[in-house]
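One structure is given here, and the rest of the page talks about it.
The values are calculated or read from the model by the stated rules, or taken from the named source; none is laboratory data. Being a predicted model, the structure only gives us computed values, none of them experimental. All Cβ positions, glycine included, derive from the backbone under ideal geometry; neighbour counts span all protein chains shown.
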């Protein structure tokens with residue numbers, strides 16, 4: 001009976017996988033949606049469709065009844081709009097700039113070796129009893145550096161478990177669970193947050209052109225999710241995965257992944273630079289008459305300055321670490337790291353171009 005149940009579950013998962021594999025690329029899906037919007041808007045406009053709703057009029061400061069007629073993308077005005085707005089739609093797409101700016105700093109932190117050294121230090125300095133929890137937590141935190149966790153932490157998790165005499169497959173599974181299962185959770189802001197806030201802002205502007213979603217607006221959920229994933233990942237690893245794997249009887253590695261003296265020194269210097277940076281930001285934001293406050297409020301900084309601050313938060317210690325560790329010799333190395341990081345965004349740029357047109361067409365047609 002149990003075997004039949006497992007086979008049934010496996011067949012269902014295989015069906016889902018086959019269906020998912022047959023879906024077009026997200027880029028193609030957005031263009032398909034654009035075509036669908038064009039067709040529906042033409043039909044709705046031809047039939048005289050409109051919508052009446054009560055909305056807030058900012059000019060008059062009152063709630064009043066508003067009627068919007070559907071506009072066609074396939075009439076003369078619509079076709080002119082498609083061609084005249086294409087570049088503006090792309091360059092004005094909120095997630096585009098925020099992600100690229102944040103990635104500049106994160107790319108230097110990753111390219112200099114700061115990200116890898118930090119994850120390695122956290123995991124290798126962990127007490128044996130807390131090993132699983134810290135490996136899972138480090139996996140969740142690794143999405144600060146985008147996909148770096150897959151490259152650095154997953155194999156490192158296997159080696160760390162092995163150095164403690166535990167089954168390396170369990171360590172690999174724990175790290176993979178943290179990296180994959182917690183990819184959008186974190187205790188800090190990452191590149192995902194400006195991306196999601198940008199997309200949400202674009203969607204919200206359909207109703208309110210001045211609406212803005214702060215990149216930190218999802219932080220409490222991210223924080224709670226991080227703790228929850230760490231607890232669940234630890235429980236599954238220690239109570240389910242390791243007992244099924246059994247005792248590891250191979251060769252045990254000891255201190256295989258310790259940081260070198262130069263890496264430790266570089267990490268300390270990077271930590272000091274982070275403290276100094278946080279103090280500077282505090283001076284610029286906390287006092288009532290701080291430079292980054294406008295009329296005593298921080299709204300403009302949280303609106304426009306949070307992403308550049310995030311970039312500098314990773315850029316400054318990344319450069320400091322690289323100079324001390326020897327991975328950065330001059331400004332050319334920094335520029336190369338920035339370029340290499342942005343070079344990975346080609347697929348994202350293509351997707352953002354299609355998505356920006358979809359959002360703009362949806363807004364233009366009043367659908």
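Looking at the structure I just gave you, is residue 358 at pLDDT below 90 and touching a helix residue (DSSP H, G or I) at 6+ places or on another chain (Cβ under 7 Å)?
Values: at pLDDT below 90: no; touching a helix residue (DSSP H, G or I) at 6+ places or on another chain (Cβ under 7 Å): yes.
When the stated conditions are applied, residue 358 does not pass them.
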Residue list for the stretch 178-190, restricted to those being surrounded by 23 or more Cβ atoms within 10 Å (Cβ to Cβ) and either assigned to a loop (DSSP other than H, G, I, E, B) or at pLDDT below 75 (or both): 182, 185, 190
Could you grab me the full set of residues in the stretch 245-267 that are exposed (fewer than 11 other Cβ atoms within 10 Å of the Cβ) and either at pLDDT 80 or above or touching a helix residue (DSSP H, G or I) at 6+ places or on another chain (Cβ under 9 Å) (or both)? 250, 251, 254, 255, 260, 261
For the stretch 313-367, how many residues meet the condition of being under 22 Å from residue 35 (Cβ atoms) and not in a helix (DSSP H, G or I)? 2
What pairs can you find where one residue is in the stretch 44-58 and more than 24 Å from residue 74 (Cβ to Cβ), the other is at pLDDT 85 or above and in a strand (DSSP E or B), and their Cβ atoms are less than 8 Å apart, with a gap of 6+ or different chains? none
Among the residues that make up the stretch 302-315, is at least one of them over 24 Å from residue 114 (Cα atoms), touching a residue at least 24 places away in the same chain (Cβ under 8 Å) and either out of contact with any strand residue (DSSP E or B) (no Cβ under 6 Å at 6 or more places or on another chain) or not assigned by TED's automatic domain parsing to the domain that holds residue 102 (or both)? yes
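Name the residue, out of 97, 48, that is assigned to a helix (DSSP H, G or I), modelled with pLDDT under 90 and farther than 20 Å from residue 208 by Cα. Lay out the reasoning, then the answer.
On the way: 48 fails: assigned to a helix (DSSP H, G or I).
Going through 97, 48 in turn, just one is assigned to a helix (DSSP H, G or I), modelled with pLDDT under 90 and farther than 20 Å from residue 208 by Cα: 97.
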Answer yes or no as to whether residue 331 is exposed (fewer than 14 other Cβ atoms within 10 Å of the Cβ) and closer than 20 Å to residue 282 by Cα. no
Given (1) farther than 25 Å from residue 343 by Cβ; (2) surrounded by 18 or more Cβ atoms within 10 Å (Cβ to Cβ); (3) at pLDDT 85 or above, where does residue 123 come up short, assuming only one miss? (3)
